[in-house]
Amino acid sequence: MKKLLISALLITSTCAVLAADTSPWSFRIGATQITPHVVSGDLTAPSFAGTKADIGANTQLSGGINYKLDERWSVDIPLALPFEHALYGAGAIQGVGKLGATKALPFTALMQYQLSEGKAAIKPYVGAGLTYAKFFGETGTAVLTSITGGTPSNPTTPRIESRWAPSIQVGAKFTLTEIWHLDVNYVKTYFDTQNKLSTGQTLDATINPSALSIGLGRSF
């Protein structure tokens with residue numbers, strides 16, 4: 001009986017170790033820089049001809065969760081704190097300074113395909129999926145108010161429409177130890193949106209942001 005109990009305990013311990021070694025879950029924490037690549041339309045009348053806008057880059061604390069489906073395929077969910085982007089004048093109003101700011105929180109789900117198998121030191125991968133780009137907390141400056149017909153008592157405020165968009169990814173995992181790795185990846189998202197001002201004017205723009213991330217990952 002004692003031998004059976006010891007055998008059972010050994011088998012249970014072995015199974016637990018194997019389960020830990022083969023767990024499909026991993027997570028990472030690091031930083032991400034999002035850089036919008038803006039192609040701006042013209043602000044509708046009344047405005048200066050050729051009035052356009054641009055969006056600045058921002059870096060935030062980020063991370064992600066990854067779930068392996070098999071040796072090649074996995075589902076990846078990037079995570080991050082809200083990004084804060086400055087809005088600038090472009091075109092006919094290039095150089096006027098900051099027009100406002102917006103917060104953005106991309107919700108992304110990617111299907112990844114690993115290009116190598118086994119315990120390679122470098123594991124490159126590609127991915128594709130969908131992003132919901134959520135914009136919120138927009139604010140305007142006195143400069144925006146002055147060039148769009150607003151008043152100090154009724155300042156101009158922008159509102160950027162949130163949109164669904166396709167995303168593609170390329171990256172690699174660099175093995176550090178049996179459970180730790182360095183994850184570096186680049187995500188490109190393709191979407192158009194519209195900026196609506198409280199004065200009634202609108203501005204269409206292609207944003208097409210790129211996101212460069214680096215993170216320390218842990219497997220289970």
Could you work out the relative contact order of the chain, using alpha carbon pairs under 8 angstrom and six or more residues apart, expressed as a whole percent? 22
Let me see the pair-distance distribution of the stretch 24-219: every alpha carbon pair, 10 Å bin width, integer percents in order. 9, 34, 25, 17, 10, 4, 0
Using alpha-carbon positions, what is the distance between the centroids of the stretch 170-220 and the stretch 98-160, in Å? 9
30 Å Cα-Cα reach of residue 68 towards lysines, excluding residues that sit fewer than 8 places from it in its own chain: 119, 123, 134, 173, 188
Options 157, 46, 145, ranked by Cα towards positive dipole end of the chain, top entry (Cβ charges): 157
Per principal axis, largest first, the Cα atoms of the stretch 30-102 extend in Å by 56, 21, 15
To the nearest 10 degrees, the tilt of helix 2-21 (Cα long axis) against the first principal axis of the alpha carbons of the chain is 30
Give me the extension gain from residue 128 to residue 111: residue separation times 0.36 nm, minus the current Cα-Cα distance, reported in nm with one decimal. 5.6 nm
Per residue of the chain, what 222 nm ellipticity follows from adding -39500 (n - 2.57) for every DSSP H run with n ≥ 4, rounded to the nearest 500? -4000 deg cm²/dmol
Linear extension gain, residue 86 paired with residue 45, 0.36 nm per residue minus alpha-carbon span: 12.4 nm
When the convex hull of the C-alpha atoms of the stretch 103-148 is computed, what volume per residue in Å³ does it have? 140
Go through 164-170, 206-212 and give me the packing order, highest mean Cβ count within 10 Å leading. 206-212, 164-170
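Just so you know, all these numbers are worked out from the coordinates, no wet-lab data involved. Quick caveat: nothing in here was measured; it's all calculated off a predicted structure. In this analysis, Cβ positions are derived from the backbone assuming ideal geometry, glycine residues included, and neighbour counts consider all displayed protein chains.
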